[in-house]
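The values are calculated or read from the model by the stated rules, or taken from the named source; none is laboratory data. Treat the numbers as computed from the prediction; the structure is a model and nothing was measured. Using ideal geometry, Cβ is built from the backbone for each residue, glycine included, and neighbour counts are taken over all protein chains shown. These accessible areas exclude ligands, DNA and RNA; they are computed on the full protein's heavy atoms, side chains included. Shrake-Rupley method; radii C 1.70, N 1.55, O 1.52, S 1.80 Å.
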Amino acid sequence: MGRVTFDLEDLRSYVTGIELGSFAKAAERLGRSTSAVSAHLKKLEQQVGTPILRKAGRNMVMTEAGETLLGYARRLLELNDEAAAAVRGLDLHGRVRLGLQEDFGETFLPQVLGSFTRAHPRVRIEARIARNAELIDWVLKGELDLSLAWDGGISTPFHQALGQRQMHWIASPDFDLSLWRSGHEPLPLVMFDAPCLMRSAATQALDRAGIAWRVAFTSRSLNGVWAAVSAGLGVTVRTDAGLPSGISLLPPGMLPALSPLGVVLHRSQETPTAAIQRLAQIVADRIKN
């Protein structure tokens, strides 16, 4: 059997289509025609020697081979992009002070900042994990160069909207919802200390639906919230960013619908350094994808 060498552009079309849930959207995102993306997928299937996608109603879903290929494709593309950034950014230096919402800290920090640091070893990263109000305040005071925060309606002079994340009701699989459904008990909530955007969204949605609730547990840290939810103390509202194993999203319709929440990258300067601009672009690309 001859050696197979995958084309990175074929892999990029495949990964983008899977992540966006549509290969038509992938074509638009990548600036290619839908026929070009289809040709990439066909070529990949020929190289793999078995289908990587199959029909499921009106949609296309991955086969077992497709799922295996996806993992390797992501790793190959990440290494390629990291290598390109390293070669082009050898002269990048300086300091970047970055603030992050706790939701993005566990997965975002090692993945994005680790890759950035390897590609740009002369840039020193100072990262802080904090809540929205602090992140925005520190940007306005010039104590942070960049802050990745939820959109709470407070803007800064230099900010960039990065799309939205859907809020969800989240609970332990063992949490028993029968008591509040029977009307005998108010729904127990596990929340951040007030003020909190998602806490307000949860209580307002329940009030509109006429569902009684009580705050059963509060915490100043996201780890505390996840621990309490995992222990079955109540339900919480977050996005799926950084969702730990062992707890899950409640099925739609079980509790009132929630709106999506915007993600914003705040910048302290109109014309930042090259290092800040580079990290800002990487953060924006990662969140949008």
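Which numbered condition trips up Val283, out of (1) closer than 16 Å to Phe104 by Cβ; (2) touching a helix residue (DSSP H, G or I) at 6+ places or on another chain (Cβ under 8 Å); (3) assigned to a loop (DSSP other than H, G, I, E, B)?
For Val283, the exception is condition (3).
Looking at segment 34-56, is at least one residue within 20 Å of the chain's Cα centre (by Cα) and not hydrophobic (A, V, I, L, M, F, W, C)? Break it down stepwise before answering.
Taking segment 34-56 as the starting set, the residues that turn out to be within 20 Å of the chain's Cα centre (by Cα) are none.
Checking segment 34-56: not a single residue is within 20 Å of the chain's Cα centre (by Cα) and not hydrophobic (A, V, I, L, M, F, W, C).
Does at least one position in segment 209-229 carry a residue that is over 23 Å from the mean Cα position of the chain (by Cα), charged (D, E, K, R) and surrounded by fewer than 18 Cβ atoms within 10 Å (Cβ to Cβ)?
Scanning segment 209-229 turns up at least one residue that is over 23 Å from the mean Cα position of the chain (by Cα), charged (D, E, K, R) and surrounded by fewer than 18 Cβ atoms within 10 Å (Cβ to Cβ).
Got a sec? Which of Glu82, Glu134, Glu106 is open to solvent by 80 Å² or more (accessible area, probe 1.4 Å) and in a helix (DSSP H, G or I)? Before you say what the answer is, go through the steps one by one.
On the way: Glu82 fails: open to solvent by 80 Å² or more (accessible area, probe 1.4 Å); Glu134 fails: open to solvent by 80 Å² or more (accessible area, probe 1.4 Å).
Testing whether each residue is open to solvent by 80 Å² or more (accessible area, probe 1.4 Å) and in a helix (DSSP H, G or I) leaves just Glu106.
Just wondering, is there one or more residues in segment 238-245 that are charged (D, E, K, R), in contact with a helix residue (DSSP H, G or I) (Cβ under 9 Å, 6 or more places away or on another chain) and in a helix (DSSP H, G or I)?
No - not one qualifying residue is present in segment 238-245.
Can you tell me which of Leu76, Leu100, Leu92 is assigned to a helix (DSSP H, G or I), touching a residue at least 40 places away in the same chain (Cβ under 8 Å) and not hydroxyl-bearing (Ser, Thr, Tyr)?
On the way: Leu100 fails: assigned to a helix (DSSP H, G or I); Leu92 fails: assigned to a helix (DSSP H, G or I).
Within the list Leu76, Leu100, Leu92, the selection yields Leu76.
Looking only at segment 230-261, count how many residues are over 19 Å from the mean Cα position of the chain (by Cα), of a type in the set (A, V, I, L, M) and surrounded by 17 or more Cβ atoms within 10 Å (Cβ to Cβ).
So the answer is 3.
If you take the residues in segment 152-179 that are touching a Gly at 6+ places or on another chain (Cβ under 7 Å) and open to solvent by 70 Å² or more (accessible area, probe 1.4 Å), which one is farthest from Ile211 (Cα to Cα)?
Only one residue fits best here, namely Ala161.
Which residues, counting only those in segment 109-131, are assigned to a helix (DSSP H, G or I) and open to solvent by less than 10 Å² (accessible area, probe 1.4 Å)?
Listed by number, the residues that qualify are Val112, Phe116, Ala119.
Within segment 262-289, work out how many residues are under 17 Å from the mean Cα position of the chain (by Cα), in contact (Cβ under 8 Å) with a residue 12 or more places away in the chain and open to solvent by 20 Å² or more (accessible area, probe 1.4 Å).
Count: 4.
Can you tell which of Leu77, Leu41 is over 23 Å from Ala241 (Cα atoms), surrounded by 15 or more Cβ atoms within 10 Å (Cβ to Cβ) and of a type outside the set (Gly, Ala, Ser)? Before the answer, list the steps.
Working: Leu77 fails: over 23 Å from Ala241 (Cα atoms).
On inspection, the qualifying residue turns out to be Leu41.
Between a first residue in segment 127-154 that is within 17 Å of Leu279 (Cβ to Cβ) and touching a residue at least 60 places away in the same chain (Cβ under 8 Å) and a second residue that is aromatic (Phe, Trp, Tyr) and assigned to a strand (DSSP E or B), which pairs have beta carbons less than 9 Å apart while being 6 or more apart in sequence or on different chains?
Once the first residue is within 17 Å of Leu279 (Cβ to Cβ) and touching a residue at least 60 places away in the same chain (Cβ under 8 Å) and sits in segment 127-154, its partners that are aromatic (Phe, Trp, Tyr) and assigned to a strand (DSSP E or B) give Val139/Phe158.
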